[in-house]
1. What average count of beta carbons from other chains do you get within 10 Å of the Cβ of residues in F:41-50?
2. Any idea what angle helix F:178-200 forms with the longest principal axis of chain F, computed on alpha-carbon atoms, 0 to 90 degrees, nearest 10?
3. Among DSSP beta bridges lying fully in region D:77-229, give the percent that are antiparallel, nearest 5.
4. State the answer as a single residue: which of E:27, E:13, E:43 lies farthest towards the positive end of the charge dipole of region E:1-44, with beta carbon charges of +1 for Lys and Arg and -1 for Asp and Glu, about the Cα centre.
5. Inverting the mean 1/r over all pairs of different Cα atoms, compute the Kirkwood radius of region A:1-159 and quote it in Å.
6. Round to a whole angstrom and tell me the spacing of the C-alpha centers of region A:47-101 and region D:169-229.
7. Per residue of B:68-79, what is the mean number of Cβ atoms on other protein chains within 10 angstrom of that residue's Cβ?
8. All other residues with a Cβ under 12 Å from the Cβ of residue F:20 taken together, and with Lys, Arg as +1 and Asp, Glu as -1, what is their net charge?
6 protein chains.
Amino acid sequence: MPVVVRNTPRTDLEIVDGLAAAGVATVHEAQGRTGLLRPDIRPIFRPARIAGNALTCEVAPGDNWSIHVAVEQAQLGDILVATPTSACDDGYVGDLLAGSLLAQGVRGVVIDAGVRDVAALTEMGFPVWSKVISARGTVKETPGNVQTPIVCGGVYVRPGDVVVADDDGVVVVPREEAATVLKAAQEREANEAAKRTRLNAGELGLDIYNMRDRLADKGLRYVDYMESQ
Amino acid sequence: MPVVVRNTPRTDLEIVDGLAAAGVATVHEAQGRTGLLRPDIRPIFRPARIAGNALTCEVAPGDNWSIHVAVEQAQLGDILVATPTSACDDGYVGDLLAGSLLAQGVRGVVIDAGVRDVAALTEMGFPVWSKVISARGTVKETPGNVQTPIVCGGVYVRPGDVVVADDDGVVVVPREEAATVLKAAQEREANEAAKRTRLNAGELGLDIYNMRDRLADKGLRYVDYMESQ
Amino acid sequence: MPVVVRNTPRTDLEIVDGLAAAGVATVHEAQGRTGLLRPDIRPIFRPARIAGNALTCEVAPGDNWSIHVAVEQAQLGDILVATPTSACDDGYVGDLLAGSLLAQGVRGVVIDAGVRDVAALTEMGFPVWSKVISARGTVKETPGNVQTPIVCGGVYVRPGDVVVADDDGVVVVPREEAATVLKAAQEREANEAAKRTRLNAGELGLDIYNMRDRLADKGLRYVDYMESQ
Amino acid sequence: MPVVVRNTPRTDLEIVDGLAAAGVATVHEAQGRTGLLRPDIRPIFRPARIAGNALTCEVAPGDNWSIHVAVEQAQLGDILVATPTSACDDGYVGDLLAGSLLAQGVRGVVIDAGVRDVAALTEMGFPVWSKVISARGTVKETPGNVQTPIVCGGVYVRPGDVVVADDDGVVVVPREEAATVLKAAQEREANEAAKRTRLNAGELGLDIYNMRDRLADKGLRYVDYMESQ
Amino acid sequence: MPVVVRNTPRTDLEIVDGLAAAGVATVHEAQGRTGLLRPDIRPIFRPARIAGNALTCEVAPGDNWSIHVAVEQAQLGDILVATPTSACDDGYVGDLLAGSLLAQGVRGVVIDAGVRDVAALTEMGFPVWSKVISARGTVKETPGNVQTPIVCGGVYVRPGDVVVADDDGVVVVPREEAATVLKAAQEREANEAAKRTRLNAGELGLDIYNMRDRLADKGLRYVDYMESQ
Amino acid sequence: MPVVVRNTPRTDLEIVDGLAAAGVATVHEAQGRTGLLRPDIRPIFRPARIAGNALTCEVAPGDNWSIHVAVEQAQLGDILVATPTSACDDGYVGDLLAGSLLAQGVRGVVIDAGVRDVAALTEMGFPVWSKVISARGTVKETPGNVQTPIVCGGVYVRPGDVVVADDDGVVVVPREEAATVLKAAQEREANEAAKRTRLNAGELGLDIYNMRDRLADKGLRYVDYMESQ
């Protein structure tokens, strides 16, 4: 029987917003290259960059009923994360639901299925990351779980985990690790800034990262084209 | 032997234009969630929204000869709907054919295959919905049927059926039903406008659509997070 | 053991730039419809159009080490062409590597794998054609060959072959044929310009290309709709 | 509203059985290379070869209710042809439904979706051609049309059209053309038998089909390897 | 940093073996249609049916090092469940590893990646469910987690959860629910046996399941073919 | 213009047969994990294992004419390796062509496209590795190159390179390296036999390969389940 879990924990929005600023690639590196959704979950417009607390939702194939249930559980700063119980490309979210989510403070949607009304959503500036764009409407016959742990885009997501989404994709940070990951992300950014300056000035990564000896150990050889023919 | 059917019926352009105004998602709902092409048939630029009479065309794999034949059958307000006899990603339509179609009054192309010269087509504002973008050229050795019923993107399309295409995809309306579907679409739009206002103001779909009792009947339960751990 | 080949031949940049001006569709036709990469290798932003000498690079799955090695071999006017030894969607190139490549005079990247930091790359105007966008980072454990012949997107590419990339995709021109292909491409363009004018004026391809007799020979028949029902 | 059409026409089983004997490749050639379903519709066991009258059925995503409705419309010699209204990989048919279909005289199933209990179906010798094998069960909430024209595997199928299915895939023959196609298929088989004997004896297709002159006209040249290097 | 968790809980093998006897389709229904892996995870030979305790393992792309680490953690009745940290088709397991796993009492492998030496594995009768068959070998440079919770084929799996795999695919049963699910599965089987007998005897599901009234409520109409034309 | 290259070099059949005995996985390891075709090129029946000299052939989409041309160039011990100039799933080879190839001494076919008549081919024992099985027939309008270098399944293949194909897939060995690779493969096999015995007896790869220290260097930690909760 489907269940809705109320009063789930959430991550402090200050941490959430810090993770948004760091961006998906940096956050995913900062937590040991984990938590990335499958790369076919793509934004409907670019550029876009948000972070929020996961508001999780399971939907039946071709049936978006539980998203209506989820809206009531939304809080300011949430991102709806929805996954179908079996693969489905239908357009689960359109401009009506987007307007409703927006009115409850939801910042965007991540869905391992389809979305529609993308012209309107783009005009509204309401960002959605989805597997597909499809006008196909859905029925309301089979409710699913809301605010329970789910797997979306190949990643395990619990209510209140932090979802960061930008042009590169979507990453999930477990809520217990959010503060630590934010700190690591900010350090990583500082570290990269220095390297960026040197690389842009023409220095080689081979030298900056001291790679030459280790490459030689791996057996890398340099030959001249004329001699190799 | 391939055949070209002349003097096929068409739908009145006033109805066609009304369907364009309604858009793909609304039209497809208005005719009972039918007629949508596979969602991998995507526009080459966004936003785009057109409707027109289907000018149908079968092409051999890697061979666009019959599109040249189809151009002669075009009338003002048509949309070329082309499908290969077996799956093919080649670029069947480029800027030369687009210019030729435009000169005959064709409003755009829907093709279950590839298109090329997309930079030029975008600059011309000539919209194409295709499965893929590919520079691959085609030969002219094997003509196919023109203005016969075809299957495109998984949907049966006859000459003169109405094709509506926008950022959400493509839908086909049988010509006999076009007027009825238009009326249903317009009613649906009016109905949605009222709901949009309420949802945007923060009312819940659960209440607007009276879903709570029916969800309880389906067994939906609410539990508290702390108790569920 | 991995190898880096130095002092590989390159194509004169005047020819390279001529091929860029002609564009992918024209170049591929001019060399007999050969050399096109699979159409799922797509630009991260549009419009984009470049040509350059192939700077080739093999990468291990999930490992971008050899791209750092390749940077040192870059010359003004190169395009990095990278291919994984087995299919991989990870983000091999990000803004740091892009800045480094740019500093060495590289014009863009073609990769049969993933790219990340696409918002930054778009802002920089650094074009990349890739199979996928993914934030997934890579390790540096297994170097691969640099400046050896590779297969990328289904096409055989040698260092110094000309790579032309635009909104339609990517084509490779063998360096020995580059001058000849450029000439053929320019002739083709001139020829197409005349036809474009006639087609845009409403003349039919059936007449311009003298197709009617040959279509009849192939058995094409014209029937009237009312008689065919 | 969903509809069940009763007393649909069927093709004589003598013709149907003749088409089964000819097999899919021959039948599809005999009707001008038309009517083949997408090749990802595959048999769950091999070898298998059947033909029957199409008993058509639309199903909602994740919902097999209308197949139960279709069973009542079955007649001896039918093949159930089912298609979801949007793409779905769920296991719509299992051993219970197969037993029920078999009891009504149905010879097999062709479905543009999933099937389950394949070990049992294989043991029963009940052949199914499907897009996928999946244990995923379905609900019974949304009935679909039965015995109306549908598109399955990209092909338009009407009740009583002949479905031929074997290890090579599935082909549909319009019922009006079934007798003609059978005759053409049998002629084709006779013709091929003679050629098979000659080819197996070592004669070349180049000679049997008189291809040499036409190939020369197309510009085919023979060169020697040593001279071409 | 990668971690190996020792002394993880396991499910009693009597329960595990009961679930194997029930099979994947029945088990997945018995736990509310949950826990099924994506259907592209397929057995390398058929028929095959096993169940076991999940021995979980994360692998880097193109790198099977952690499977060697996992072997040491194996116990009699385990099934190795392996997932790459990003999508990879390489052949992570071959006959050497299979022999090693078998020697430790492992019953089979479920992997969201590739397998090789399938001829030898088939001869050994060692069952593997994989996404692909590939001879591509892997390196040993980057260890991953062993016996931690993972996502495999879109499903969350913890060490000691029960994995049931047969010709229909793979399902995971949380260890806390295994006994309950087994009971439900056995009841379901008993219930189905009675229905199977009636369906095989020609009774209709419409009658057995009392569907006629509910279908009428949903608006299902019966029409005669002649009248519908 | 298409060309047929005659009198191309071939590899000695004794070496070829030695490579067949070693099998695809071993041969690909023995040449440094190179030369493997994409894993979606699969055998139509299993088990199957052959090796032969590549008889290369390019085909136009939906057009198998050049295969007829290639048959004349065949010699005892060849394997036909065919690739379409753009992706195509049609059934290029059927039982007639297979009989003709067999009569010329050809051992099998590797094709990055479709094959048909698989029931007959299976009965004949004529092995084919293909991307798809499709009954779709082809035309004879556009000849392609025969016995020129091609890319098949993502791998560069020249006439007379050795093709090894078995249940794991297909690998190509450059003819200049065939003798060296055979020797390395045989050494690898001998080496593996000893390890197989130890692994099957229950020794751990961790010990046989001395992995423990290096894993510790990589940071692998062992923790107890109870402490990790």
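1. Across the residues of F:41-50, the mean count of other-chain Cβ atoms within 10 Å is 2.
2. Value to nearest ten degrees: 40.
3. Here the share of antiparallel DSSP bridges comes out near 40 percent.
4. E:43
5. That comes to 15.5 Å for region A:1-159.
6. Their Cα centres are 55 Å away from one another.
7. Per residue, the average neighbour count from other chains is 2.
8. Computed value for this residue: -1.
Taken together, the values in this text are just the output of simple stated rules run on the coordinates, not laboratory data. Since this is a predicted model, take the numbers as computed values, not measurements. Cβ sites come from the backbone with ideal geometry, for glycine too, and all protein chains shown count toward neighbours.
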